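Asks: The following block contains the structure, expressed as structure tokens.
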Amino acid sequence: MRQSQALVLLGIIAQNGIAKAATLPRGVGPEFVKFYEIKETFACIAHPSIILKASQVNDNTCDCPDGSDEPGTAACALLDSASPVQPLPASLSGSTNTTNALPGFWCANKGHVGAYVPFLFVNDGVCDYDLCCDGTEEYGNVGGVKCANKCAEIGKEWRRVEKERQDNFERASKRRRTMVKESKELRRQVEARITKIEGEIRELEQKEAELKAKFDEVERSERGKIVKPEGPGKLGVLAGLAKTRVNELREALADVVDDRRQLQDKVAELEGILSTFKVEYNPNFNDEGVKKAVRAWEDYAAKKTEDVGEEVSDLDEIMKEDGESSGINWNEFQEDAITDTDILYSFEAYLPGPLRDFLHGKINNLRVWLIENGMLADTVSKEGESQLVKAAREAHEAATRDVQSKRTALDEEKRDLEKDYGTDDIFRILKGKCTSVEAGEYEYELCWMTQTTQKSKKGGSSTNMGNFQKVSFRDSDEEERHDGKGLGRGKRMVLEYTNGQHCWNGPNRRTDVWLACAETEELWRVSEQEKCVYKMEVGTPAACDTLAQPGHVKDEL
């Protein structure tokens with residue numbers, strides 16, 4: 001029925017589309033006007049060598065291989081690269097498996113935004129107001145359907161929504177500009193810290209070199225000296241160890257004596273109870289158990305009387321502190337004998353000053369020379385080094401540690417400077433901040449530039465869903481949401497978080513964080529695309545540079 005009605009209108013279409021001057025065929029979009037200017041013939045757009053009569057345009061017959069002769073009908077609706085082979089007169093390929101040159105039927109939508117409608121929607125008996133608010137795609141009134149022009153009201157509502165979108169976009173863009181300034185300032189601070197640390201390292205390296213030279217000089221000058229070791233000799237060490245051991249044993253003995261006295265008190269108490277029992281019990285009471293207990297006590301008392309002379313010697317004397325009047329006098333073991341060093345320096349003291357200095361310097365130089373040339377072993381250890389050498393060594397080691405610490409800090413700052421923080425370093429200002437959303441039994445959290453986590457609302461530990469790896473861009477193909485909290489269509493920024501906690505019987509968890517423009521940072525939705533691979537949809541002003549300015553035209557098909 002639709003086909004016959006379209007044929008009935010064929011004459012009107014041809015008359016209005018070609019014959020009348022200053023008019024265009026129905027369904028022609030503004031960018032294709034130049035191909036349909038009024039003339040006697042029409043050249044197929046993709047195949048200009050094929051010339052048709054003007055009356056063949058919109059005659060409901062697909063004469064051009066690219067379908068460009070039917071901008072206002074559904075005759076070439078099934079014309080695409082995947083269509084089955086169908087012989088077609090005047091077609092260069094002899095089939096319809098080619099791409100249509102036109103994007104669809106053009107609805108001017110005066111008072112709103114013009115849009116293309118798929119050719120399949122033309123005269124299908126359905127008013128497609130979301131694409132063609134003026135109803136011109138149903139010009140054939142198929143099935144009695146007549147689509148009124150609603151562009152005024154639809155356009156008004158659309159403009160209201162677009163204005164709201166525009167205002168939101170402006171606020172988000174303003175917020176983004178502020179974030180860019182703050183991020184640039186943070187980057188400047190990192191660069192300033194790097195410059196400062198590099199200067200500090202140069203100063204510390206110079207100081208380290210000076211302290212190393214001083215240490216080498218002091219060590220060399222002190223190497224030839226006979227240095228008296230600090231602390232006691234071997235005998236003193238042995239005496240100290242013995243004294244410590246004796247004190248430990250004395251303390252242990254004191255504990256044993258205390259325990260012994262407590263036990264003696266308990267035994268005396270028990271003996272008193274049994275003695276009273278023996279005196280007060282009734283011997284005429286015929287109880288074998290009582291009689292047996294009395295006899296055992298009498299045997300015990302007799303034995304105790306026999307052993308009363310075997311007293312343990314008094315331990316108080318043993319437990320007295322060591323000193324001159326008791327125990328061991330440890331002062332007698334102090335090393336106060338004259339050492340080789342004392343003898344040497346005492347000998348030098350009897351020499352005249354100039355001779356003493358001369359001999360001391362020569363002996364020192366000779367010893368240093370012998371050590372440096374491997375002819376004399378260097379027996380000086382850290383334990384036996386002088387205070388001067390020790391101070392010089394510790395100063396040099398401290399300077400070396402300071403240099404290493406500064407280099408570590410410099411490496412961290414440089415890594416941070418080289419890290420991918422997105423366009424304009426925008427994510428630098430968000431680093432470490434987190435946003436979350438609850439979904440089912442879990443709370444999902446995104447921490448910018450660090451990690452994503454999953455937390456059970458019932459308590460317990462959290463699960464690492466991925467660590468930040470890099471920034472990438474991917475194409476999104478989702479319908480626009482009425483609340484504006486969606487990715488929509490177009491290229492979107494994606495933060496890739498990889499190498500998270502291992503998934504049981506699966507890979508390590510990873511999360512792709514898709515970003516869309518919004519006034520504030522907000523985690524909208526979380527979904528599991530495949531096993532242990534998650535998708536987060538997040539709104540943030542940081543993504544506003546990748547979104548087309550609101551007021552865009554409708555999708556074209």
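Asks: With θ set to phi - 60° and the Karplus curve 6.51 cos²θ - 1.76 cosθ + 1.60, what are the ³J(HN,Hα) couplings of region 460-470 in order, to the nearest whole Hz, using x for Gly and Pro?
Replies: x, 6, 8, 10, 6, 9, x, 10, 4, 10, 6
Asks: How large is the accessible surface of residue 165 in square angstrom, using a 1.4 angstrom probe and rounding to the nearest 10?
Replies: 70 Å²
Asks: Can you run phi through the Karplus equation (6.51, -1.76, 1.60; θ = phi - 60°) for region 155-168 and list ³J(HN,Hα) in whole Hz, with x for Gly and Pro?
Replies: With the stated coefficients, region 155-168 comes to x, 5, 5, 4, 5, 5, 5, 5, 5, 5, 4, 4, 5, 4 Hz.
Asks: For region 125-181, what is the charge dipole size about the Cα centre, in debye to the nearest 20, if Lys and Arg each add +1 at the Cβ and Asp and Glu each add -1 at the Cβ?
Replies: Here region 125-181 has a charge dipole of around 820 debye.
Asks: Work out the charge dipole of region 102-181 with +1 on the Cβ of Lys and Arg and -1 on the Cβ of Asp and Glu about the Cα centre, then indicate which of 122, 106, 147 is farthest towards its positive end.
Replies: The listed residue farthest towards the positive side: 106.
Asks: When the gyration tensor of region 421-557 is built from Cα positions, what are the square roots of 5 times its three eigenvalues, in whole Å, from largest to smallest?
Replies: One finds semi-axes of 26, 16, 14 Å for region 421-557.
Asks: Taking the Cα centre of region 408-557 as origin, sum charge times position over the Cβ atoms of Lys and Arg (+1) and Asp and Glu (-1), and report the length of that vector in debye to the nearest 20.
Replies: It works out to roughly 460 debye.
Asks: If you don't mind, there's one more thing I want to ask. For residue 534, list long-range residues whose amide hydrogen, built 1.01 Å from N in the peptide plane, is under 5 Å from its own amide hydrogen.
Replies: The list, which skips near neighbours in sequence, is 510, 511, 512, 529.
Asks: With every protein chain kept in the model, how would you rank 204, 495, 78 by accessible area, 1.4 Å probe, largest at the top?
Replies: I get 78, 204, 495, largest accessible area first.
Asks: Given H placed on each backbone N at 1.01 Å, which residues far from residue 499 in sequence or on other chains put an amide H within less than 5 Å of it?
Replies: Amide H neighbours of residue 499: 467.
Asks: Report the accessible area of residue 175, computed with a 1.4 Å probe over the heavy atoms of all protein chains in place, in Å² rounded to the nearest 10.
Replies: Its accessible surface works out to 80 Å², give or take rounding.
Asks: A follow-up question, please. Taking θ as phi - 60°, what are the ³J(HN,Hα) couplings along region 473-486 by the Karplus curve (6.51, -1.76, 1.60), each to the nearest whole Hz, with x for Gly and Pro?
Replies: 10, 9, 8, 10, 9, 10, 5, 5, 8, 5, 7, x, 9, x
Asks: Oh, and also: Note down the accessible area of residue 498, probe 1.4 Å, to the nearest 10 Å².
Replies: Rounded to the nearest 10, the figure is 30 Å².
Asks: Cα atoms only, region 95-171: Rg and Dmax in Å?
Replies: 15.4, 54
The values are calculated or read from the model by the stated rules, or taken from the named source; none is laboratory data. Predicted model, so just to flag it, every value in this text is computed and none were measured. Cβ sites come from the backbone with ideal geometry, for glycine too, and all protein chains shown count toward neighbours. For the accessible areas, the whole protein counts, side chains as well, though only heavy atoms, and no ligand, DNA or RNA atoms are used. Shrake-Rupley method; radii C 1.70, N 1.55, O 1.52, S 1.80 Å.
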